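Everything on this sheet refers to the single structure shown next.
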Amino acid sequence: MLSKAIEILKEQVNINASENDWGYESVLLEQSELDGNLFPENYCHTLPKRVLVHSYIYQDAEAADYVAYFITNERNQHEYIRGLLKNGQLIWWNSIGNLNEND
């Protein structure tokens, strides 16, 4: 997913970053624990009760923080949404797939 994060940063804000420029973490969360800044209002209710959130963090030369994130099912087999935050504010998001009844 790091390569996807690099592509999103380039496509959305025209910043070129290498793999070594990023920090990352993945966290398993309950739906109720999701940050409301990650997607439009009420989108959270379309996700399963537990999801895996992958966050890739980049800081530019002016100290702006960018976070490219991917929300998947807890087995990391189905991606639901991806997006980009700048200094904690949502600047882009995309819904990838529908809720799978097996999730």
Looking at segment 64-74, can you tell me whether even one residue there is of a type outside the set (Gly, Ala, Ser), closer than 16 Å to SER3 by Cα and open to solvent by 20 Å² or more (accessible area, probe 1.4 Å)?
yes
When segment 1-26 is checked residue by residue, the ones that are loosely packed, with under 13 Cβ neighbours inside 10 Å, farther than 19 Å from ILE96 by Cα and not charged (D, E, K, R) are ASN14, ASN16, SER18, ASN20, GLY23
Suppose we filter GLU41, GLU30 for residues that are in contact with a strand residue (DSSP E or B) (Cβ under 8 Å, 6 or more places away or on another chain) and surrounded by fewer than 17 Cβ atoms within 10 Å (Cβ to Cβ); which single one remains?
GLU30
Scanning segment 1-11 for residues that are in a helix (DSSP H, G or I) and among the hydrophobic types (A, V, I, L, M, F, W, C), which turns out nearest to the chain's Cα centre (by Cα)?
ALA5
(1) hydrophobic (A, V, I, L, M, F, W, C); (2) at pLDDT below 95; (3) surrounded by 14 or more Cβ atoms within 10 Å (Cβ to Cβ): which one isn't true of ALA61, the others all being true?
(3)
Log entry, pairs with first residue in segment 74-98 being closer than 16 Å to LEU34 by Cβ and aromatic (Phe, Trp, Tyr), second being assigned to a loop (DSSP other than H, G, I, E, B) and open to solvent by less than 50 Å² (accessible area, probe 1.4 Å), beta carbons closer than 7 Å, six or more apart or on different chains, reads TYR80/LEU47; TYR80/GLY97; TRP93/PHE39
Condition check: open to solvent by 20 Å² or more (accessible area, probe 1.4 Å), of a type in the set (Ser, Thr, Tyr), at pLDDT 90 or above and touching a helix residue (DSSP H, G or I) at 6+ places or on another chain (Cβ under 9 Å). Does TYR56 satisfy that?
yes
Scanning segment 1-51 residue by residue, those at pLDDT below 95, among the aliphatic types (A, V, I, L, M) and closer than 26 Å to GLU62 by Cβ turn out to be MET1, LEU38
Are any of the residues in segment 81-98 more than 13 Å from the chain's Cα centre (by Cα), closer than 18 Å to LYS4 by Cα and surrounded by fewer than 16 Cβ atoms within 10 Å (Cβ to Cβ)?
yes
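The values are calculated or read from the model by the stated rules, or taken from the named source; none is laboratory data. Nothing here was measured: the structure is a model prediction, and the numbers come from that model. Reconstructed Cβ throughout: ideal geometry from the backbone, glycine too, with neighbour counts over all protein chains shown. The accessibility values were calculated without ligands, DNA or RNA, using every heavy atom of the protein model including side chains. Shrake-Rupley method; radii C 1.70, N 1.55, O 1.52, S 1.80 Å.
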